[in-house]
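A quick write-up on the structure given underneath.
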Amino acid sequence: MMKNSKTVMLSLIFLTVAGFTFLVTGTGLAACPDDIVAYWKMDRSVPGGTYQDSIKDHDGTGVGDLTAPAGIRNQAVGFDGATAQMKVRANRDFGWYETESFSIEFWVKPGTTLPAANQVVIGRDDPSGLPTDSLHWWIGIATDGGVGYALYDESGTGEYNDSGIGAGLLTDGNWHHVVFVRDADTGANGTTFVYIDANLEGSFNTVAYNLGFGSSTNNISIGYLINDGAPAFHFNGALDEVAIYDRALELSDIQANRSAIQVGNDYCGGSFPEFNFAPFPENTISLWDLDQNYSDAFGENDGTGNAAPTPDTSGINGSQAFDGATTGIDVAADRTFGWYENESFSIEFWAKPGSTPPATTQ
């Protein structure tokens, strides 16, 4: 950390990044599960084949013969197993570090015939399409009627499992609730958990990942997967209530979400995020008021005093005074501060430096 040579008081810091919309709860809505970063209810809410993300602006775009069958809740999206597909443009929200946990949740009603090849519900692939040397992950329907998945990082290190995870459970003609969890904090290298209808169907010790799972250019694929540069592994069936989280969902979370859908609610308690945005600038992702503590009012990027500064009452509703020698605030590394080369961002604050010009940069 850079040391200061004069006293500085700071208050009301905003951090904004193009393409992000964070609210005071850090989840998009007080009633939504913690750390939910995208939620496609799969009700076509915008004309022209657009499927709205209820949490942020990760709207999906439909391509091909998408239909609108009855869903587990309201409307679903039907895929024909041939050309239908949905894509979501690349975003850092879907680019987890190798040390991070994440979860992917959806309701699915596949065809009743066992597929001849794996069918992808949601995934992402590097343009080369070769998991031996690039990013490649997906979750979907295996040829035995259970869940299949692959999870390879940006270096091509990873794991693959397309049999034995709830074999035969998904192809009975009914709706099923599937949750895929990458828990980076369980086991030596993390653990993969697969839940079907709130029952743990498989847990797998993962490999030691070298890199993360990000890309600044490659879309999220829903209902198919780009492979060797072309659409492949098309899903045949209906898909509803798809969500992505920046944490490992626990069984209690999974049970609560499943129960909510079964009674006609949604993961967010039936509320509408688009009507609940806090009155802050669009795309604010962190706000440190610096009143009595260093908590982040928008997310979980709380600060920690490093030789803590002194609370000061002269700022806007309070501030923090720094002595120019030892005091400071640390915020842990987080993906939200790792902008891609093609992204814009802004940093805003109020400051009252000391009255003497500093001898060095502060």
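Calculate, in nm to one decimal, what ASP57 and GLN255 gain on full extension: separation in residues at 0.36 nm each, minus their alpha carbon distance.
On the way: separation 198, 0.36 × 198 = 71.28 nm, distance 2.68 nm.
Difference between extended and current length: 68.6 nm.
Amide H of ASN227: which non-local residues (sequence gap of 5 or more, or other chain) have their own amide H closer than 5 Å, using H built in the peptide plane?
When sequence neighbours closer than 5 places are left aside, the close amide H contacts are ALA232.
In sequence order, what are the phi-derived ³J(HN,Hα) couplings for region 73-84 according to the Karplus relation 6.51 cos²θ - 1.76 cosθ + 1.60 with θ = phi - 60°, rounded to whole Hz, with x for glycine and proline?
9, 6, 9, 10, 10, x, 10, 8, x, 9, 10, 5
Using modelled backbone amide H atoms (1.01 Å from N, in-plane), which distant-in-sequence or interchain residues come within less than 5 Å of ILE55's amide H?
Placed amide hydrogens put TYR39 under 5 Å from ILE55.
Could you pull out which residues in region 55-98 have an amide N less than 13 Å from a spot 7 Å beyond the Cα of THR217, following the Cα-Cβ vector?
Under 13 Å, as judged by backbone N against the label point of THR217, lie 90 of region 55-98.
Solvent-accessible area per residue for region 204-253 at a 1.4 Å probe radius, Å²? Walk me through the numbers on the way to the answer.
Values: 1770 Å² over 50 residues.
So region 204-253 comes to 35 Å² accessible per residue, rounded to a whole number.
For LYS109, go through the aspartates and glutamates and keep the ones whose alpha-carbon is under 20 Å away, minus same-chain ones fewer than eight residues off.
Excluding near neighbours in sequence, the set is ASP43, ASP65, ASP80, ASP144, ASP162, ASP172, ASP197, GLU201, ASP240, GLU241, ASP266.
Amide H of SER101: which non-local residues (sequence gap of 5 or more, or other chain) have their own amide H closer than 5 Å, using H built in the peptide plane?
ALA184
The values are calculated or read from the model by the stated rules, or taken from the named source; none is laboratory data. Treat the numbers as computed from the prediction; the structure is a model and nothing was measured. When we count neighbours, we look across all protein chains shown, and the Cβ atoms used for this are built from the backbone with ideal geometry, even at glycine. The protein model used for the area step is the full one, side chains on, heavy atoms only, and it has no ligands, DNA or RNA in it. Shrake-Rupley method; radii C 1.70, N 1.55, O 1.52, S 1.80 Å.
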